[in-house]
Structures are given as structure tokens and as C-alpha cells.
Amino acid sequence: AYRKRFSDSCVLIGTLGVSEYGDFSHYFLNKQSPIDTATVPGGYPLRGVNVRLFNENKGAEDSEGEIGITGPFIEDNVPYPERYAAHTNQDGSISTYYLTGDLGEMAADGCIYHRGRKDFQVKIRGNRVDLLAVEAALLDIEGVSHAAVIADTDDPLDVRLIAYLEGTIHDARALRENLENQIPAYMIPSRFVFLESLPRTLTGKIDKRSLPKPELASPIETDSGPGTDEFPPTEIEIQILQIWKDVLQVDKVGIHDHFLERGGDSIKAMMVLARLNRQFDIQLSLRELFDNESVSKIAEAVQALL
């Protein structure tokens, strides 16, 4: 947008900052500036500001972690100790860094790259997922006007993503098929809730805290319900369908239904996996099972191992 809409003499200034202390880095570029990354760099620390990256234990990292800043504006006595980290310098002195809540990477020349908010990062089956990246993928789909993605962490061993959508598309299957071409399988939400409108704050932002629980929501009726198939299932699909019915204790399952959405969880997934491997005499892994979360896709994975 900058290169298309602004004059050649216009200089764009990218910044990183926090409301508590203001900007801490700047990046200047014109239309000839090369950008080798998907996002504009966050820039270099301002004069008098030191930037370090910290891990979850508040230990300093060289290349990737939570962005911490220090300078004359940081007091020795801080009001919220959990938001600060102490770092021992080479001369033995100790500097206090304010932890911004932003994740970043630092290049060898000291340039900072913003990698999202720490609050919006979750782990799904060992993979780090940025909720904003999932929302961005949803917003790229025609018919999606607004999207909010949250993590259901009621079971720490079985974290799931739930997508709340506002728009004209109300077909969960179509959404999944579209997302499969954009993001890895572990980033695709387990549930889609279609609402007339998403709750908002007084400033107009989506209020994630006010999103209804999926079971309490009044969703718009979807175009494709569970258990509806366009073509007769194959022999392998028929056998997998029966395994699903037995484990999930349901009477009707479609080959395109989503395992987690039909009541599956990590324990039931292991039960399904054990029966699949025994029945077909294969060695399908749990990761492969979760990466192929419909009967039709599991059937393809099974067929490839036969």
C-alpha cells in the first residue's frame, strides 16, 4: 500500500513501542529500500535504549524471545516485578529490563523483527501457534467479514482452537478446505462458531472475553451438517467410520466430519489409532492422525501405508 499510494519522496517510519514507555525502535525506509521478510522490520533501538530477548524463565536469549527494553526511563524499584527481568552485564552491573509482552527476533546487525504478541501464542501438539496468524488466514477467505480465534485450554494436554466468525459463509467444511491450502493442519480450528455479530468493546474492537462458549452460542445454521456425504464411502472409509462410531459412541458419522468436533479428544484419538493400526496392520502415528482429522483424509493416509 505504501509503494502504491504515496509519493516517491515519502519516507515510511516503522516503530515498535509500548504504552508504558513509548517507542523503543524505529525503522526508516523509502520505495527503494529492500525488504526480504514478510513483514516490515521493527527497526533498531533508539539512542539510550537497550533491547534484549528473554525466554520464559527470564533468561537472556541471543536471537528469539520476548522483547525486553531498558534505559534511563526504567526505575530500579518497579511496581510489577513479574513484568521485569534482571540481566547481568559483562562488567558485573545489573540492568532491569521491562518485558513488553511482544515476541521478536534479533538479526546479527541488531535489527528487531516483531513476531506477535506473547498473549496470542499457544502450543498445539508441540507446535507454536500464533492466533493472529489463524485469524489472518480466515479473513483471507471470501465471505468472512470478521474473525476471532481463541484457545480452549480447559485440558492442557488437549488444547483446541475455536474460531468465531461473522460474515456470509456458514460452511465449516468449506472453511477447513480453504484453510488447508493456507496453514498447517495443527493451526486449523477444531470448531467454528458462526454468529450474526461478534461482541465489541466500547472502542469497537472485538471483545474476546465476551465470546460465548460454543455450547452456549446461538450459531447460524451451517450449510453442511454432520454425517452428510456426497458420494458412497470406500471400503477403507466404511471400516474407519465404524471405528469412529464405536469410539465416539455415535450412530451417524460422515466421512468429512471433523474428529474433535464430533466429540473426540486425545484419549479417544489414541483408542482410534490403536484400532486402526491393529485392523489394517499399519504403523500410523498420532501426529498423522491429528494431521488428517476426517475419515476421508485418514483413509488416504491408511491407503498410503498399505
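Points to keep in mind about this one:
- Reachable lysines from K268, criterion Cα separation under 28 angstrom, eight or more residues apart if same chain: K123, K213, K245, K252, K297
- Spatially, the stretch 161-213 and the stretch 269-300 are offset by 27 Å when compared through their Cα centroids.
- For the chain, the spread of Cα positions along each principal axis, largest first, Å: 69, 47, 39
- Comparing mean-square fluctuations of T168, T88, T70 from a GNM of the chain with C-alpha springs under 10 Å, the top value falls on T88.
- Calculated diffusion of the stretch 235-305, Stokes-Einstein form, Kirkwood radius summed over Cα pairs, 37 °C and 0.692 mPa s, µm²/s: 281 µm²/s
- HN-Hα J in Hz across the stretch 97-110 - Karplus 6.51, -1.76, 1.60, θ = phi - 60°, x for Gly and Pro: 10, 8, 8, 7, x, 9, 8, x, 10, 10, 6, 4, 8, x
- Difference of contour (0.36 nm per residue) and Cα-Cα distance, I183 to Q303: 40.8 nm
- If the segment from L286 to E64 were pulled out straight at 0.36 nm per residue, it would be longer than the present Cα-Cα gap by 77.0 nm.
- Rounded FRET efficiency, nearest 0.05, which uses the C-beta distance separating S210 from N50 and R0 of 41 Å: 0.60
- Prolate/oblate/rounded label for the stretch 125-210 (Cα gyration tensor, a/c 1.5): oblate
- Legend: ranking of residues L306, L139, L211 from fewest to most surrounding C-beta atoms inside 10 Å; resulting order L306, L139, L211.
- When only Cα pairs below 8 angstrom with a gap of at least 6 residues are kept, the chain shows a relative contact order of 9 percent.
- GNM result for the chain, Cα springs below 10 Å: residue of E196, E135, E56 fluctuating most strongly: E56
- The ranking of I74, I238 from fewest to most other beta carbons within 10 Å of each one's beta carbon is I238, I74.
- Rotationally averaged projected area of the stretch 2-115 (alpha carbon convex hull; nm²): 8.3 nm²
- Spatially proximal lysines relative to K4 (Cα-Cα < 24 Å; intrachain offsets below 8 disregarded): K31
- In this structure, the amide hydrogen of D152, modeled 1.01 Å from its nitrogen in the peptide plane, lies closer than 5 angstrom to those of R160, L161, I162, counting only residues at least 5 positions away or on a different chain.
- Estimated FRET transfer efficiency (N277, R128; beta-carbon r; R0 22 Å; 0.05): 0.15
Read-outs: derived from the displayed coordinates by stated rules, not from any lab. Quick caveat: nothing in here was measured; it's all calculated off a predicted structure. Neighbour counts run over all protein chains shown; Cβ positions are idealised from the backbone, glycine included.
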